[in-house]
Structures are given as C-alpha cells and as structure tokens.
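All remarks here apply to the structure that follows.
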Amino acid sequence: MSKKKDASPQTVTLPSNDLSRLFQVLQSRGYTILGPTVRDGAIVYDELDSPDDLPRGWTDEQEKGRYRLKKSGYGTYFSFAVGPHSWKQYLYPPRVRLWQMHKNGTGFELNAQNGPLKKYAFLGVRSCELHAIEILDRVLLQNGFEDPTYKARRKEALIIVVQCTAPASTCFCASMQTGPKAERGFDLAMTEVADGERHYFVLQSGSDAGREIVQELACAAATAEEIAAAEQAVKAAAERMGRTLDTHGLQAALYANREHPHWREVGERCLNCTNCTQVCPTCFCTTVEDITDLTGATAERWRRWDSCFTMEFSYLHGGSVRSSAGARYRQWLTHKLASWVDQFGAFGCVGCGRCIAWCPVGIDITEEARIMCAETVNQ
Amino acid sequence: METLVSDVKQELPTDSMAVLTADPMIPEPFRVVQRKPETEDTFTLVLERAQSDRPFEFQPGQFNMLYVFGVGEVPISISGDPAQPQRLVHTIRAVGTVTRAMQKLRKGAIVGVRGPFGRGWPVLEAQQQDVVIVAGGIGLAPLRPALYHILRHRDAYGRVVLLYGARTPEDILYIKELEKWRGRFDMEVKVTVDRALGDWHGHVGVVTQLIPKTSFDPQNAIAMICGPEIMMRFTIYELQRSGMPNDRIYVSMERNMKCAIGFCGHCQYGPKFICKDGPVFRYTEIENLFGIREI
C-alpha cells in the first residue's frame, strides 16, 4: 500500500444512504473500521460495524472546561468537532508491551513478540488530526531512531478524512495552519453535504488504496456543483473557528519569558491532573514499567503514556527538577509552542482545542500564550 | 506532508529477528566480570557481552542504559577505557532501587545493556589545546574515558589538568589511579574535599578554588566539566574569570531518562534532549537555560 499522492485522484459522490456500502467495501478488504461513536456522554473513537454506530444527529458544545453532547436536529453523521479521543491511542497505544524475556541458564532471552496487528481503517480523521499524525511521524520515525510499535501501526492504517464542517468554539486550527481542510496525506477524503433535500458525501481519493476503494464503490463522478458545495462547507468552517492564536514571534516570546511571573499564576490554577496531555493528539511522552511474574523467571517492560505534569516525570536522585506546578505548565506550553519547533521543525500544537475543553479548571492555551507574548519581562 | 507520509510506507524488514535486534529498546545481556567497591556507596561493574565477543565501541562521555532483570533500567555513563572495548566499565552510585540491586550483583550475573547513547566529550576538538578537566563527586566517572584517551594520545594535547572535588576523603573515586596520574610529569592533578578530619593533608574547599591555582592558557584550552549543576555553574564562572571563552567550555548534563533515544520526553532541557543532543554540551548551546530554575 502506498501513500504517495494519487496520480489521478478521483472525485465521486456517495449518497448518504449508501454509506453502508463504504463500510462493506472496507470490511471486505479486511479492515477493522475505527471511528466516532457516542459513548459515556461524549463522541469517542471505537470499532464501528456499520453507519448506525456513527454519531448521527449528534453535535457537541465545547468551551473552556466544558464538553456537552446535544442533538443537532439534523440527520448528518459528522456534525461535531473532536472529542477526548485521538488517533494517537491506536498508533501509539496508552499501554504497550515493549518486550518479554525469560531467564535461562546464563542470562535472559527474548520471548516471541506480539502477534500480527489488526488492519485498521481510521474513519473520520479531521485535518487537525492528520497534522497531529504527521507531527508524530516526525517525532517517532524521523528523529534519528524509529519506534517499531508506531511504525508498524502507522504503515497499516488506512486514513479516511472527513473534512471538518463543524468546528467548536475551542478550535483554532486555522491559526495553526492545520485545517480545517485536509489537502493531502490521506487515502480517502470525504466531505459531508446536507443541502436542503439532498444529503451526500463528496469522496476524493488520495492514494492508490483510496482509489481502489472509490473504484469499487462505483459511484457517479461528482458534479461541479457538488464539489463546490463541499468546498463551501469546509470554507465556512474556517470562518467559524472559536479561537485564534497569533503564532508570529511566539517562539521567541516564550523563550524570552521563561521567568515571567504569569507561569506561577497559571501554576496556582493548574491541578496537574494531566488531562491536557492525555487528550492531546501530539503529546508523546511515555514512561516504562518493569514487571515480573511471581516466580521472577519472566520479566516484561511496558511503556505507557506519561505526562510532564507529574512530579515523577523530572525526578532525579534527590527530587524533581520541576517541583512547582508553574514550572511544569511552562514546560508543557513552551514545549508545544516553542521548543517543539527547534526539535521537530513544527509546532507541537494543531489547534484542536482538546486541552481547553478537557481542562477541569478551564485553562486555555491560547489565552495563556497570548499573555506570555503580550509583554517580555526583563531578566 | 507527502514525503513525510510516503517515508512511512517503506517496507519493514521481512526477517522478524532483524526487526527485533534493530529495536533500540531491547537490552542485550552482558555478564558481570567484576564488581569492585570504590567508596561506601559507589562501585564499579566490569561487563562483557554474554552472547558474543564483539567489542563495545563508544566515545568518551557516552552512556548506556543498564537493566537489572525484573527490577528496572537506569542511565549510567561509561567510565572505562575506549581503547579496551572488550571490557565495558561503569561506575555506579547506589541511590535508587535499580542501582542498589546492581550493588548486589555477583560475578557471573547478567545485566541488560542498551547503548551507547549520546554525544560525548570533544576529545578531537581538544587536540593541540590545553585540557582542563573539572569533576565533582561521581562526575569523575564519565570524564575518565576522556582522560584515558587523552593520556593515550598524550602528544596530541597541550597541558592536561585534572581538578577533582569530593565530599570527604572517603568519597574520592579511583584513588589509586589519581595517585598514579599525580605522579606523572605531563599532567597536573589537584584534589580537594569539602570536609576532612586531621589525617587529610590535601586541599579542603570547593573545586572551583583550584582553578586560579592551575596553569593553562584559557584562550587555547578546552574545559570539560561534570558534577552537580551548582558545582558546574561556579566552575564555569571561575573559568570565565580566568579568561576562558564560553565556547571552549563543555559540560555534561543529567536529567531523568527512560528511553535514551528521544522518545520518552523525560530528559528535555529546553529544546534539547539530553539523551541524544547531549549529555555533553558546549556551554554556548545551553547557556540561556543554565541558570533557569526548574527548567
């Protein structure tokens, strides 16, 4: 399967009633479909059997420290912004066994690794999330070393974008230049159009694998009007971003303001709950756990998501380097919006707004960054 | 993004063992050949590969991740001679669960090793220059491979100075080697302790006090410093006072580490990953971070 840009992209129209056919084509090709569904009062990602599992008729309302599901009053499938889950959980799982070993006479030996991976189709990837995956590629594949766990999953994943037509008030992807329209890097991109009487998807292939799926669906080519309606729906989304973040001079300002008293002020509000790092689609920090069985003959190492908001994260014999909450918040925000650029050539933030909505005390990265940039404190 | 994404799609090696051995997170078994107590809480482990006799090449200043079966893994700098790559030497202070378990390992025991990682001391750039090595406490261990290298290629360097500070005379590492080095005519060795009883005839005080008493050409010298951050800060200050430019000063930094390959995020120091951008940094690379608390 190649993710090279489709040489002859095809754009077709799939009537909404035929969405189940897309599921069937994917399933017949051996894909397990992952996508949005309603669970526990939120739109989360999980395995989907059919379009019935999609959050049809639902939308969300997001604000600082607030996420609410509500009925949209429409029959659309994808009229919501991102929820607490991201694709990171499938590409870079929260807990993964790195290896298992057993003792033998003279030392230890590696046991057989985990079995083959499921072939996943990610249905409903937004542009911000596609950029988040691209950022993880930079961190985990193009950083001098390759993470085999991520690489294997990334290679298998079929990416089906659903263009965003319903940004939340917490969204600022337009500021981060990561959306709302996904331009490339996908196998298939869909735009949902509910146009008076008509309800359909404009499908565009972005890879050989995507084109094969489009061909198998055997849909009519999209008309100029349908394509224009789809373009318009995404364009309108760009104008409905709830938030903005001026990235001009941001890195320099954050570097200059490492001793700004405002860090301490945020630290007083921050609960160090780690929610922001857990919902973030690009936060990649992990820790390891070493465990043994009861006999001590078999040992395993597990890797699990970690957070720079914990005290243990920076522990060095004698204590934590970042013992104050303000220092930990400074580490997180400065990493996202400044040092990430030095490390990986891009911001570590895609403007998805998850950290804003899921912060229990409503700390807003765009607000805090703005304050940090408003004035440079003389050191 | 096209190129980024297409890069991912390169074929994985079909041989599964190739994948496994290529995984930098999997430790290789090494056998303990010798465990030598150095001080009350510090000891040296000499290791050799358990499954092959391939030499373990490394650069002075690099480190390994050492794993005790079922207990855990810690970063430890290599403290042996780079010209003797059959013997992998680490000097370790027993301060945590893993290092205390290591202190109990016997000859023949197996530990896991991943490495070597990181960027080491500028032993090549220092050629034809004076070399000033300043160590505090166990900071001498990661500097010892650089010393071995420099003394082995002694003619390539100008004056060589070792300034070493320990807490008490009982905490002095490698005492026999220090005596041997002190006896050389082509090297200046000064040792100081923070506090001592009456039977100590050496210098008492912090290591920075030794710098003005030492002769080197600050404009044509390279300084290599390793020790607690506070000690390094004052050493840099004293070297600056002696006239040494910042770009001639190198320090070895330490942070929490879980992976050593830039994935776990723990060792970040501003934009730097200590594990792969360091642990050794030219001071000018990090001077804007050095004085900042909790960075």
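The values are calculated or read from the model by the stated rules, or taken from the named source; none is laboratory data. Quick caveat: nothing in here was measured; it's all calculated off a predicted structure. Note: ideal-geometry Cβ built from the backbone for every residue, glycine included; neighbour counts use all protein chains shown.
Quick test for you: out of A:Arg303, A:Arg264, pick the one residue that is assigned to a strand (DSSP E or B) and within 14 Å of another protein chain (Cβ to nearest Cβ).
Values: A:Arg264 fails: assigned to a strand (DSSP E or B).
Being assigned to a strand (DSSP E or B) and within 14 Å of another protein chain (Cβ to nearest Cβ) holds for just one of A:Arg303, A:Arg264, which is A:Arg303.
Could you identify the single residue in B:Val113, B:Val95 that is under 28 Å from B:Lys190 (Cβ atoms) and touching a residue at least 40 places away in the same chain (Cβ under 8 Å)?
B:Val95 is the lone residue from the list that is under 28 Å from B:Lys190 (Cβ atoms) and touching a residue at least 40 places away in the same chain (Cβ under 8 Å).
Return yes when B:Val32 is over 20 Å from B:Gly227 (Cβ atoms), at pLDDT 95 or above and either outside the structural domain of B:Pro279 (by TED's automatic domain parsing) or charged (D, E, K, R) (or both) and no when it is not.
When the stated conditions are applied, B:Val32 passes them.
Kindly list the number of the only condition in (1) charged (D, E, K, R); (2) more than 10 Å from chain A (Cβ to nearest Cβ); (3) within 25 Å of B:Gln127 (Cβ to Cβ) that fails for B:Asp277.
(2)
Just name the residue that is surrounded by the fewest Cβ atoms within 10 Å (Cβ to Cβ) out of those in the range A:330-343 that are within 10 Å of chain B (Cβ to nearest Cβ) and under 22 Å from A:His131 (Cβ atoms).
A:Asp342
Yes or no: A:Ile227 away from chain B (no Cβ under 14 Å) and either modelled with pLDDT under 95 or out of contact with any helix residue (DSSP H, G or I) (no Cβ under 6 Å at 6 or more places or on another chain) (or both)?
Judged against the criteria, A:Ile227 is a match.
If I ask for residues that are over 21 Å from the mean Cα position of the chain (by Cα) and in contact (Cβ under 8 Å) with a residue 12 or more places away in the chain, which ones from the range B:171-183 would you list?
The answer is none; no residue qualifies.
Only residues that are of a type in the set (A, V, I, L, M) and either at pLDDT below 95 or not assigned by TED's automatic domain parsing to the domain that holds B:Glu57 (or both): list them for the range B:69-92, please.
The one that is of a type in the set (A, V, I, L, M) and either at pLDDT below 95 or not assigned by TED's automatic domain parsing to the domain that holds B:Glu57 (or both): B:Val71.
Pairs please, first residue from the range A:96-120 and at the interface with chain B (Cβ under 8 Å from one of its Cβ atoms) and within 20 Å of A:Arg304 (Cβ to Cβ), second anywhere and surrounded by fewer than 17 Cβ atoms within 10 Å (Cβ to Cβ) and among the hydrophobic types (A, V, I, L, M, F, W, C), Cβ atoms under 7 Å, 6+ apart in sequence or on different chains.
That search, which allows pairs on different chains as well, returns A:Leu98/A:Trp302; A:Gln113/B:Leu20.
Would you confirm whether or not the range A:290-298 contains a residue that is polar (S, T, N, Q) and closer than 14 Å to A:Leu245 by Cβ?
no
Testing B:Val46 on (1) of a type in the set (A, V, I, L, M, F, W, C); (2) part of a loop (DSSP other than H, G, I, E, B); (3) surrounded by 14 or more Cβ atoms within 10 Å (Cβ to Cβ); (4) away from chain A (no Cβ under 14 Å), one condition comes back false. Which one is that?
For B:Val46, the exception is condition (2).
All but one of (1) in contact with a helix residue (DSSP H, G or I) (Cβ under 7 Å, 6 or more places away or on another chain); (2) more than 8 Å from chain B (Cβ to nearest Cβ); (3) in a helix (DSSP H, G or I); (4) not polar (S, T, N, Q) hold for A:Phe309; which doesn't?
Among (1) in contact with a helix residue (DSSP H, G or I) (Cβ under 7 Å, 6 or more places away or on another chain); (2) more than 8 Å from chain B (Cβ to nearest Cβ); (3) in a helix (DSSP H, G or I); (4) not polar (S, T, N, Q), the lone unmet condition for A:Phe309 is (3).
Output yes when any residue across the range B:209-218 is closer than 18 Å to B:Pro122 by Cβ, touching a residue at least 12 places away in the same chain (Cβ under 8 Å) and surrounded by 22 or more Cβ atoms within 10 Å (Cβ to Cβ), and no when none is. It would help to see each step written out before you state the result.
From the range B:209-218, those closer than 18 Å to B:Pro122 by Cβ are B:216-218; that's our starting set.
Keeping just the survivors that are touching a residue at least 12 places away in the same chain (Cβ under 8 Å) gives B:216-218.
Retained after the next criterion (residues that are surrounded by 22 or more Cβ atoms within 10 Å (Cβ to Cβ)): B:216.
Yes - at least one qualifying residue is present in the range B:209-218.
Just one of A:Thr223, A:Thr178 is among the β-branched types (Val, Ile, Thr), within 26 Å of A:Gly83 (Cβ to Cβ) and outside the structural domain of A:Met372 (by TED's automatic domain parsing); which is it?
The unique qualifying residue is A:Thr178.
Name the one entry in B:Val132, B:Val123, B:Val95, B:Val161 that is within 18 Å of the chain's Cα centre (by Cα) and at pLDDT below 95.
Details: B:Val132 fails: at pLDDT below 95; B:Val123 fails: at pLDDT below 95; B:Val161 fails: at pLDDT below 95.
Just one listed residue meets the conditions, B:Val95.
Can you name the residue in the range B:219-241 that is away from chain A (no Cβ under 14 Å) and charged (D, E, K, R) and, of all such residues, is surrounded by the fewest Cβ atoms within 10 Å (Cβ to Cβ)?
B:Arg241
Can you name every residue in the range A:102-116 that is in contact with a Ser or Thr (Cβ under 8 Å, 6 or more places away or on another chain), assigned to a loop (DSSP other than H, G, I, E, B) and over 23 Å from A:Leu140 (Cα atoms)?
Residue satisfying the conditions is A:Asn111 alone.
Report whether or not B:Phe263 is assigned to a loop (DSSP other than H, G, I, E, B) and within 13 Å of another protein chain (Cβ to nearest Cβ).
yes
With among the charged types (D, E, K, R) and over 23 Å from A:Cys273 (Cβ atoms) as the only criterion, which of A:Asp364, A:Asp342 stands out? Explain how you work it out, then say what you get.
Details: A:Asp364 fails: over 23 Å from A:Cys273 (Cβ atoms).
Only one candidate passes the filter, namely A:Asp342.
Do you know which of the residues in the range A:313-329 that are at the interface with chain B (Cβ under 8 Å from one of its Cβ atoms) and of a type outside the set (Gly, Ala, Ser) is nearest to A:Leu98 (Cα to Cα)?
So the residue we want is A:Phe313.
Please find, among A:Gly179, A:Gly185, the residue that is touching a His at 6+ places or on another chain (Cβ under 8 Å), surrounded by 16 or more Cβ atoms within 10 Å (Cβ to Cβ) and farther than 13 Å from A:Leu14 by Cβ.
Values: A:Gly185 fails: touching a His at 6+ places or on another chain (Cβ under 8 Å).
Answer to the check: A:Gly179.
If you check A:Asp195, A:Asp246, which single one turns out to be exposed (fewer than 15 other Cβ atoms within 10 Å of the Cβ) and touching a residue at least 60 places away in the same chain (Cβ under 8 Å)?
A:Asp246
Among the residues of the range A:343-366, which ones are assigned to a helix (DSSP H, G or I), within 15 Å of the chain's Cα centre (by Cα) and of a type in the set (A, V, I, L, M)?
If the condition is that a residue be assigned to a helix (DSSP H, G or I), within 15 Å of the chain's Cα centre (by Cα) and of a type in the set (A, V, I, L, M), then A:Ile356, A:Ala357 are the ones that fit.
So B:Met244 fits all but one of (1) within 14 Å of another protein chain (Cβ to nearest Cβ); (2) assigned to a loop (DSSP other than H, G, I, E, B); what number is the exception?
Answer for B:Met244: the failing condition is (1).
Here are some residues: A:Phe313, A:Phe347, A:Phe309. Which one is touching an Asp or Glu at 6+ places or on another chain (Cβ under 7 Å), outside the structural domain of A:Met101 (by TED's automatic domain parsing) and of a type in the set (Phe, Trp, Tyr)?
A:Phe313
Could you say which residue among B:Tyr250, B:Tyr237 is modelled with pLDDT of 95 or more, in a helix (DSSP H, G or I) and among the aromatic types (Phe, Trp, Tyr)?
Exactly one of B:Tyr250, B:Tyr237 is modelled with pLDDT of 95 or more, in a helix (DSSP H, G or I) and among the aromatic types (Phe, Trp, Tyr), namely B:Tyr237.
Being in contact (Cβ under 8 Å) with a residue 60 or more places away in the chain and of a type in the set (D, E, K, R) is the filter; apply it to the range A:299-341 and report the residue that is farthest from B:Gly265 (Cα to Cα).
Step by step, filter the range A:299-341, then rank; the result is A:Glu300.
Condition first: over 30 Å from A:Ile160 (Cα atoms), within 14 Å of chain B (Cβ to nearest Cβ) and over 24 Å from the mean Cα position of the chain (by Cα). Can you find one or more residues in the range A:244-252 that meet it?
Taking every residue of the range A:244-252 in turn, at least one turns out to be over 30 Å from A:Ile160 (Cα atoms), within 14 Å of chain B (Cβ to nearest Cβ) and over 24 Å from the mean Cα position of the chain (by Cα).
Any residue at all in the range A:104-113 that's surrounded by fewer than 18 Cβ atoms within 10 Å (Cβ to Cβ) and either among the acidic types (Asp, Glu) or modelled with pLDDT of 95 or more (or both)?
Yes; the residues of the range A:104-113 include at least one that is surrounded by fewer than 18 Cβ atoms within 10 Å (Cβ to Cβ) and either among the acidic types (Asp, Glu) or modelled with pLDDT of 95 or more (or both).
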